[in-house]
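A short write-up of the structure that comes next.
Please treat every number below as a calculation from the coordinates, not as lab data. Everything numeric in this text was worked out from a predicted model, so none of it was measured. Virtual Cβ from ideal backbone geometry, glycine too; neighbours counted across all protein chains shown.
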Amino acid sequence: MAGSRSLLDEALPTLGKALLIEDCVETSGGFLLHHLVKRFLLCDRPVILVAFANTFSHYDRILRKLGCNLAAPRDKNRFVFVDMLDPQLQVGNSGGTDGSADGDVGFSLYERICKAVRSISTEKNSVAILVDDLSLMEVACKGSVDDVIDFLHHCHTLIAESDCSFVFLNHHDIYSSMERPSLMLYLEYMADVLLRVEPLATGSAVDVHGQLTVLNRGVHDVAGTSRSKFQNFHYRVKENGIECFYPGSRG
Amino acid sequence: MAAAAAPTLTRPRVSSFSRSTQLSGLSIPLPPGIRTGPNSTAFVSSGIPTLDAILGGGYCLGSLVMVMEDPDAPHHMLLLRSFMSQGIVHDQPLLYASPAEEPRRFLGTLPSPACSTADKSPRRDREEDKGLRIAWQYKKYFDETHQSISSRKDNEIEYSSDFDLRKPLQRQFISGRKIECISILKNSDLAAFHDRCGVFLNQHARKEGSILGACRISIQSFCAPQCEYFNQEWQVLSFLRSLRSMVKSSNSVAVLTFSPSLLPPSSLKRWQHLADILISVRAIPDDDKDMAKLLTGYQDMVGLLNIHKIARPNVQVPFILDATMFSMKLQKRKYLIMECLNQAPVDGSGGSSYAASGTGSCSSASKTGPLDF
């Protein structure tokens, strides 16, 4: 278990500044997000989780099974949960149909993140910010891709200013039928590390849940030249971790 | 699942292996029609016992269930009717929305639960006897769905009823119950409907710490072209997102049917991502002789049901089914059941899978390849 777990960690030696997780309807990439939250917290880095998709108790229960308690770092102000699922907090709900108030979703979220970063950042460790997931943020912005891209652009400045790391989860199958999916193109351009989760072509199985592609950009080799590193695994999600293995290496 | 968060925060962590059954751990008795599951989840019945067994207990509280309709057949209505009837039988508040002018009329078409136990108890007894003889490992080869339901305790048998599709629900069930019917035909935007759902859930849904019972929302043909909001793609998506979060926070269940062919592809994918449970139904042609040769009990089948996605709260391990396609059958021309597709024995062939047998008669007549096992 320990050896197989390190296969994914080996593929992600440094977590980079901008990670993009892409998944689809058949296979959810949420497990990678949980794994990264755990890894950030174990490195003693402050974490901000922006949740459009699930409630706190959902993440809390999963992370506890992974051996990581969210309540303790939350009490110590090392973990901030931004609940975007709460109907009270949904900007641009039923009333605001003309789009006037909706443009603020991205910006108000950015302001909340900035505030949280200021409150929890330490001089020693940089803050990690995870967003689950961006397609729902697009819905919250009433389909205004520009607003989401503006938000991402602001986040990019935060990487430079405060040395933060970002992890975005998005669904690649939504954009597969589009001719020029500007949001996805921007995200893929921005990301240092790209993790793509796909189902097996032969369908789902109990012992292999899908395949994972890891693309590390800007890896410097011995000669000092920069290139991309591409790895492909099969994985199985367990309650207490992820088991990764090379295709065909399991009997 | 906000209620579930409170005890977990205050209590120190004991062990990651401890089974946390928050709902059963409380001293509050569960209202009828709710069953607890693993990982602090709770289920309500879909109204079809065999479908409950396939889904691992029923529809999880706090989930948005989407049913993709077949454009040529109203099979989704069977699922919707069973779901609504089951809610009414358990006296759970129900909100029904449809693009019809008078949606209340639909209540007259709901099926009635099989009235006397005399009709179904022999069937269950028989199955229970069989279950005693067969080792548990082999249950799955042996009509698993009925087994698991029938072996429940007595009080849980009422969790899901068999509905007689030929008998309409008696008036006594409908009158005096908390049932709201809404027409979404004339809604120019979804704000009014959204507010109505919010008020309904606020009135009836369970509050934190106390269980008042689960609410059921059923929405039929949500994106029908005759609805005025039909073209407002983002408003509809925003409504769905909002409905999903309302359902999650109030621990209710919403079942929504829609026609996938009416949506643009990217929008369809967004809808599917918003669903916690995604099911599609499909009619089968009456006189497909190749299919009739291939599958046993083809003449009893009314359609096919495909389960695309089951997302569970509080757990990251995906829920993997043995099969994703099931046949919808009418048992005794009364009860709707879901069954695994059973392949008919074919002379001289070890059998090829249903999906691989696209060539129809060719595969059933000829021998399969040497790699067949």
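Measuring against 19 Å, Cα to Cα, the residue pairs A:Lys238/B:Lys248; B:Lys293/B:Lys329; A:Lys65/A:Lys238; B:Lys167/B:Lys332; A:Lys38/A:Lys65 contain A:Lys238/B:Lys248 as the ones spanning a longer distance. When a/c is below 1.5 the answer is rounded, else prolate if a/b is larger than b/c, else oblate, so apply that to chain A with a ≥ b ≥ c taken from the square roots of the Cα gyration tensor eigenvalues. It comes out rounded by the Cα gyration axes. Across region A:107-113, coupling constants 3J(HN,Hα) worked out from phi with the 6.51/-1.76/1.60 Karplus curve, θ = phi - 60°, read 5, 5, 5, 4, 5, 4, 5 Hz, and Gly and Pro carry x.
Residue order for B:Phe258, A:Phe230, fewest other beta carbons within 10 angstrom first, comes to A:Phe230, B:Phe258.
Ranked by how many other Cβ atoms sit within 10 Å of their own Cβ, fewest first, the residues B:Val44, B:Val199 fall in the order B:Val199, B:Val44. Roughly speaking, what is the centre-to-centre gap between region A:1-60 and region B:239-303 when only Cα atoms are used, to the nearest Å? So the separation of the two Cα centres works out to 30 Å. Shown is the FRET efficiency for A:Met178 and A:Asp146, computed with R0 = 22 Å from the Cβ-Cβ distance and rounded to the nearest 0.05: 0.90. Angle check, please: helix A:56-65 long axis (alpha carbons) against the longest principal axis of chain A (alpha carbons), in degrees 0 to 90, nearest 10. The two axes meet at around 20 degrees. Round to a whole angstrom and tell me the spacing of the C-alpha centers of region B:68-86 and region A:190-251. Using only Cα atoms to place each centre, the spacing works out to 40 Å. As I understand it, the value is the acute angle between the Cα axis of helix A:30-42 and the longest principal axis of the Cα atoms of chain A; what does it come to in degrees, rounded to 10? The angle comes out near 90 degrees. Once both labels are positioned 7 Å from their Cα atoms along Cα-to-Cβ, the gap between B:Glu101 and B:Gln331 label points is 4.0 nm. Between the residues A:Ile62, A:Val193, A:Cys43, the greatest Cα displacement towards the positive end of the dipole of chain A, with unit charges on the Cβ of Lys, Arg, Asp and Glu, is found for A:Cys43.
Diffusion of region A:181-247 by Stokes-Einstein, at 4 °C in a medium of 1.567 mPa s and with Rh set to the Kirkwood radius over alpha-carbon pairs, works out to 94 µm²/s. Going by neighbour counts of Cβ atoms within 10 Å, the residues A:Ile48, A:Ile120, A:Ile21 line up, fewest first, as A:Ile120, A:Ile48, A:Ile21. For chain A, the longest principal axis of the Cα atoms and the long axis of helix A:145-162 meet at an angle of about 70 degrees.
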